[in-house]
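Enquirer: This is the structure I have questions about; it appears just below.
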Amino acid sequence: MENLQTIAENNSIKLAIANKKVDQSEKRLLSTLEEFKSAEVKLDVAQNELLKREELLRYVSDISGNGIWDWNILTGEVKPNNRWMEMLGEDPRKQYFSVNDFKNRIHPDDLTEVMKQLSQTLDGLKDYQYRYRMIRSDGTQIWVEDKGRVVEKSDEGKPMRMVGAITDISEEVSSNEKLQALAFYDPLTKVLNRRLFEDRLDQTLKNAERHQQFGALLILDLDKFKDLNDTYGHQVGDLSLVEVAKRMKVIVPEVDAIARIGGDEFAILLSKLGSEYSLAYSEANNIAEKLCQSLSASLKFEMASEKLSRSEGSKQYSCSTSIGVTLFLGGQLTQSELLAQADFAMYQAKKAGGNQVCFYSNPIS
C-alpha cells in the first residue's frame, strides 16, 4: 500500500509539473500570438502609410504635369499615374499596362533608339534620359522627354524595378522648330535662305572632292519681275515667288537644295552628277531646261490687289527665268568663285533675251 501511495504521489507531482509546463507553453504561445498580432497591426499601419504616400506622390506628380511610370521588370507590368495615361489619351482607370503596350505607343522611327537607351540603363551604363515621339490613342503625335533609373536589384545584381518620369515637350519642340525655320528658311517661299544654302554648298563641295563626283550650281533670276511688281503690286509679286518655288520643288530632286538668295533670285545646288563631265553637264542642263519650261508657263493669281481690279477676279502672267550654271568637282574653287561664275552665266542668259540657260565658259544653249 505504501508503494502504491508513493507511486500516486510521484505521479501527482509529475502531473503538476506537466501542467505547469503546459501552462508555461500556453502563456508563451499566447505571448507569441500577441506579438504576431502586434506585428500584423504594425505591418498594416506601415502598408497603409505606404499606400498613402504613394497616393500623395501620384497626386503631386499629376498636378505637376509629369507622368510617372513604375516598371516591374520581372513581370513586364508598367504602373503609370493618371497624368501619364492622359498624355496617351488612355482611360486612367485602365487596370494593366505592359511593356509591349508602351512600345506600341513609341513612334516607329524612334523605337530602336529608345530600346537601346533603356538597355544601356539596365546594363548599368547610364541613367535613362531621352527625347522621342509617342503616338496617342487618337493617332496624334506628341514629343516627350523620358527619364528613369533602376531602383531595385536582385541579390545577383540584376535589375528588378525601374521608375521614371515623362514630360510632354511638344510645345517646346514646336517653338524650336519655328525658331529654326526663321533662322534657316525663307519665310515667304519656305525654301532655304542664303545662310543655310552656303552651309549646304560647303558640305557638297567637300563630298564632291571626297567622292570625285561632279556637282552643279544654278543661279535663277526671274525675267521682268520688276514690271510685275510695278503693274500689280507686291502682293501679286509675292504670290508669284511662292508659285515659282513650288514649281522648282517638283523638278529638283529632294536630295538637292533650293534657296532664295535675293528678291527674285534663287540658287539651286545639284549633287552626285557622276564622275564624267559630259554626263554631269547633260544632267544639269536637262534640269535647267525643265525649270525654264516650267517657269515660263503662265501663273494665275486669284487674289485681287490694289492694282488688280476686282472686276477681273484673277490675272494670268507669263513669268520666265534666266539661268546660269557652273559645274564643279570638289574644292577646286571657293564658294565665292562658284557663285560669281553662276551669276556671270545668268547675266549672259539675260543679255541674250532671257528664258534660257547659259553654262559658264560655254555657249548659251
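The values are calculated or read from the model by the stated rules, or taken from the named source; none is laboratory data. Predicted, not measured: the structure shown is a model, and the values here were computed from it. When we count neighbours, we look across all protein chains shown, and the Cβ atoms used for this are built from the backbone with ideal geometry, even at glycine. With ligands, DNA and RNA removed, areas are computed over all heavy atoms of the protein, side chains included. Shrake-Rupley method; radii C 1.70, N 1.55, O 1.52, S 1.80 Å.
Enquirer: Just from the alpha-carbon atoms, what are the Rg and Dmax of segment 112-247 in angstroms?
Expert: Cα only, segment 112-247: 24.7, 83 Å (Rg, Dmax).
Enquirer: Can you give the relative contact order of segment 125-240 as a percent, counting alpha carbon pairs under 8 Å and 6+ residues apart?
Expert: 12
Enquirer: Continuing with this model, one more query. Could you list which residues have their amide H under 5 Å from that of M160, counting only those 5 or more apart in sequence or on another chain, with H placed in the peptide plane?
Expert: Result for M160 returns E152, K153, S154.
Enquirer: Does segment 68-143 come out rounded, prolate or oblate, given a ≥ b ≥ c as the square roots of the eigenvalues of its C-alpha gyration tensor, rounded meaning a/c under 1.5 and, failing that, prolate meaning a/b above b/c?
Expert: oblate
Enquirer: Now for a separate question. Taking H placed 1.01 Å from N in the peptide plane, check which residues at least 5 places from A257 or on another chain put their amide H under 5 Å from its amide H.
Expert: L269
Enquirer: Also, quick follow-up: Mind listing the phi-derived Karplus ³J(HN,Hα) values for segment 346-353, rounded to whole Hz, using 6.51, -1.76 and 1.60 with θ = phi - 60°, and x for any glycine or proline?
Expert: 4, 5, 5, 5, 5, 4, 7, x
Enquirer: Let me ask you something else. From Cα pairs below 8 angstrom and at least 6 apart in sequence, can you work out the relative contact order of segment 185-292, rounded to a whole percent?
Expert: Numbers: 126 pairs, mean separation 40.6, N = 108.
Taking the mean separation of contacting Cα pairs over the length of segment 185-292, I get 38 percent.
Enquirer: Over segment 82-215, with every protein chain in place, what whole percent of the accessible area is carbon and sulfur at 1.4 Å, could you tell me?
Expert: Values: 3670 of 8170 Å².
Solvent-exposed carbon and sulfur of segment 82-215 make up 45 percent of the total.
Enquirer: List the residues whose amide H sits under 5 Å from the amide H of I106, counting only those 5 or more places along or on another chain, with H placed 1.01 Å from N in the peptide plane.
Expert: I135
Enquirer: Got a sec? Charge dipole of segment 148-287, +1 on Cβ for Lys and Arg, -1 for Asp and Glu; which of M162, M248, L205 is way out at the positive end?
Expert: M162
Enquirer: With Cβ to Cβ distances under 15 Å as the rule, what net charge do the other residues near L333 carry (K, R +1; D, E -1)?
Expert: Computed value for this residue: -4.
Enquirer: Something else about it: What are the ³J(HN,Hα) couplings of segment 216-224, residue after residue, when phi is run through the Karplus curve with 6.51, -1.76, 1.60 and θ = phi - 60°? Round to Hz, x for glycine and proline.
Expert: Coupling constants for segment 216-224: 9, 10, 10, 10, 10, 10, 5, 7, 6 Hz.
Enquirer: Still on this structure, please answer the following. How about segment 230-282: which GluC sites (Glu not before Pro) there are in a DSSP loop, with at most 12 other Cβ atoms within 10 Å of their Cβ?
Expert: E254, E276
Enquirer: For segment 203-305, which semi-axes, largest first and in whole Å, follow from the square roots of 5 times the eigenvalues of its Cα gyration tensor? Write down the numbers at each step before the final one.
Expert: On the way: eigenvalues 198, 33, 22 Å².
After scaling each eigenvalue by five and taking roots: 31, 13, 10 Å.
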